[in-house]
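K.L.:
Before we start, here is the structure in question, set down as structure tokens.
The values are calculated or read from the model by the stated rules, or taken from the named source; none is laboratory data. These numbers were taken from a predicted model, which means no experiment stands behind them. Cβ placement follows ideal geometry from the backbone for every residue including glycine, while neighbour counts extend to all protein chains displayed.
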Amino acid sequence: MPSDLEDVLAAALRLPGKARAALAAELLQSLDQVDADGDDVEEAWTDEIKRRLDDVDAGTVTPIPWPESRRRLLAAAGGRTGGSDDRAPRGAVSPQASLLARALPDRD
């Protein structure tokens, strides 16, 4: 990560929780807007979802049931909760994935 991005991240992580959440929401919203090339992010996600559904329908991929997916996410997260003290090493599961796995209930 370039130094300027590391500085911004460090400053953002020092913000109170509500301010970090507001900043995160603004950043996420900015990704939903049209990018510089005029490509719509929403359209790209729609295309990706259709491609993945086509793969499932064609039998080229096998869906993983939610309980197994959740177990794998939690195992990859190594028990981390995604908080600011949970710095994952490069290549580890993202804090967002860990939070998602913990937030969504088991559906056995």
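K.L.:
Among the numbered conditions (1) at pLDDT below 90; (2) loosely packed, with under 11 Cβ neighbours inside 10 Å; (3) not aliphatic (A, V, I, L, M), tell me where residue 72 comes up short.
P.N.:
Only one criterion in (1) at pLDDT below 90; (2) loosely packed, with under 11 Cβ neighbours inside 10 Å; (3) not aliphatic (A, V, I, L, M) is unmet by residue 72, namely (2).
K.L.:
Separate question: When you look at residue 35, is it at pLDDT 90 or above and over 19 Å from the mean Cα position of the chain (by Cα), yes or no? Talk me through it step by step, then tell me what you get.
P.N.:
Numbers: at pLDDT 90 or above: no; over 19 Å from the mean Cα position of the chain (by Cα): yes.
When the stated conditions are applied, residue 35 does not pass them.
K.L.:
All but one of (1) at pLDDT 65 or above; (2) small (Gly, Ala, Ser); (3) touching a Gly at 6+ places or on another chain (Cβ under 9 Å) hold for residue 98; state the number of the condition that does not hold.
P.N.:
Exception for residue 98: condition (1).
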